[in-house]
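J.: Just passing along the structure, written as structure tokens.
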Amino acid sequence: MKISAQLLALAISAFSLSADARMQRASSHRHLARSVKRGDVAYSALMYWGKQNGQAGACGEVHADDQPLVGLQTSMFGAGGECGKFVEIRNTANNRTVTAPVYDSCKGCADSNDLVSSIATFQGLEDDLDVGVLDVVWTFVNAPAKTVAKHAAPKVETQPKKVSISKVQQVTKPTPEEKAPMEHKATEPVLKQIPEDDCEEYEGDAPAKKAEEPKIEEKVQEAPASESKIQDNARVAMKAPEEKVEAPVPAPSPPSAPAASSEGFKMTHNLKGQELLNFFTMETASGDNEGFANWVNDGSLQYVNGQGNVVFATDSTPVVDSRKTTRAVSKQTFNKGLFISQITHMPETFGSWPSFWIVGAQDWPASGEIDVLEGVGSFTHNAASVHTNAGCSMPASILSQTTSKFMLDSPQQTNCDAQATDTQGCGLRDQRPNTFGPGFNKVGGAYVAVHITDDFVKVFQWAGDSAPADVKNGSPAPSTWTEPSLYLPNTSCNISQHFYDLKLVFSTNVCGRWPSDLWNSDASYAGQMQSSAQATGVGSCYEFAHSHGQAWADAFFEIASISIFE
């Protein structure tokens, strides 16, 4: 690995200082006692970042800067027996953690415990590359674990943690039922350089394709009527367009010339096909909430299929270091409006974390977040939730007017304040078993409407072709719609104050806190009758994401249309 060209003076000096000065710098950074043992005990060390420049590392493989990986100091690396093993690294300054595989050695690392990392790994711990060197604690782990993490671990069936869309397009998603903080994105560094002969060079691409594994069947099963426990926790060979996105199409998208709305709504956007695809920007970043995802802008994963529908897909390469997938963020912001989407397919792969959400472009959660569709794995019951700043709550009395029940079993279940609820906000679990994942796909998808006014936020979902005629023909009359899946009135929440500068987002994370924490757990309250471990026969979410690519062929959104009204 060639230590990053402009690695800051800080990092450069760590390699070029005299022995005495290097020891002084090391002691100023290392606050924990060193360990020479492996396993549970961690190594206290310094970590630098580097560029790979298309060269094979000491393990003989080429990797890219946007792939998570590390190099060990040569004495720790030894004869290469650590190649392919995983290490979990914690930044002691902010407690963010990442897990990355070992694929190189570092001759220029001063101490036997020190690490050098790819840009993706470094930015999982620290957004600013100019920091150059981090004080970290790390340990070997048995299986692919967290790839890009954030702060503290979440709690139990609580809403996952999200994070905002920063003013520039940076959207980071908290977890719905248990999301963890997130929010960071790779930025192109200005490089400084340490002499090339100090360290091995490496770079990265996905490993060569292997024979495809048999696809895991995922069954749709009814969930029990009640959800008494809180259990939810904390979104590459390329996919062949027409082969992997064949999904049932419930009903024709709204006509180009819709009938006049009886309630005076004017259509401002009638998005289909290429126009719908162009409505979004494809984010490029590592997955948030410790996800194994690598969000990319790639025409083989985001395209218009033969039915004229937009597909946001996930790569199904058999074995990968991180799995390429999609996070699409609207280029335009909105304060109010009626948004009607016809979605014909959504991800249903074990370990996937798909979501259709609307989030404020300001620092999260200052301008709000509405999770329209969200869940993990093979859930069949949707989770819809709201995240805001302090001062917004959802009256318990509105529950009887919806198709849902509260997700949290605690006094905080009605509090939408993300900070007071460890980012969970107020969430509702839809009691209909065809509102998410395999249940959603089995009925041919759904029409989904989000209505935001000064008086309320409402989310509606109609399975297959069951939407009212006014929804399907582009002349909406929302006052006639009954039983929303989410209803937030302004009686205890100032809607215009808490929701503004909103962007539409479709994203699929791969593993991450929520799917990983539930991997060995019963999720029957959400319609998944077996744990993911039982259903797949694989011990961890990260292992499944790493080496079972064929199963990820079903992890795609297919969208027939989005109509926006004012």
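J.: Cα centroids of segment 387-431 and segment 508-564: how far apart, whole angstrom?
T.: One Cα centre to the other: 24 Å.
J.: Listed here are the pairs 51/272; 405/503; 324/472; 272/405; 272/324; 51/503; which of them are more than 31 Å apart at the Cα?
T.: Where the Cα-Cα span goes over 31 Å, the pairs concerned are 51/272; 324/472; 272/405; 51/503.
J.: Counting other beta carbons within 10 Å of each residue's own, what order do 488, 271 fall into, fewest first?
T.: With the fewest neighbours first, 488, 271 line up as 271, 488.
J.: Now for a separate question. For segment 415-480, what does the alpha-carbon gyration tensor say about shape, rounded, prolate or oblate, given a ≥ b ≥ c as the root eigenvalues, a/c under 1.5 as rounded, and a/b over b/c as prolate?
T.: Oblate, since a/c reaches 1.5 and b/c is not below a/b.
Just so you know, all these numbers are worked out from the coordinates, no wet-lab data involved. Since this is a predicted model, take the numbers as computed values, not measurements. No Cβ is skipped: glycine too gets one built from the backbone with ideal geometry, and neighbour counts run over all protein chains shown.
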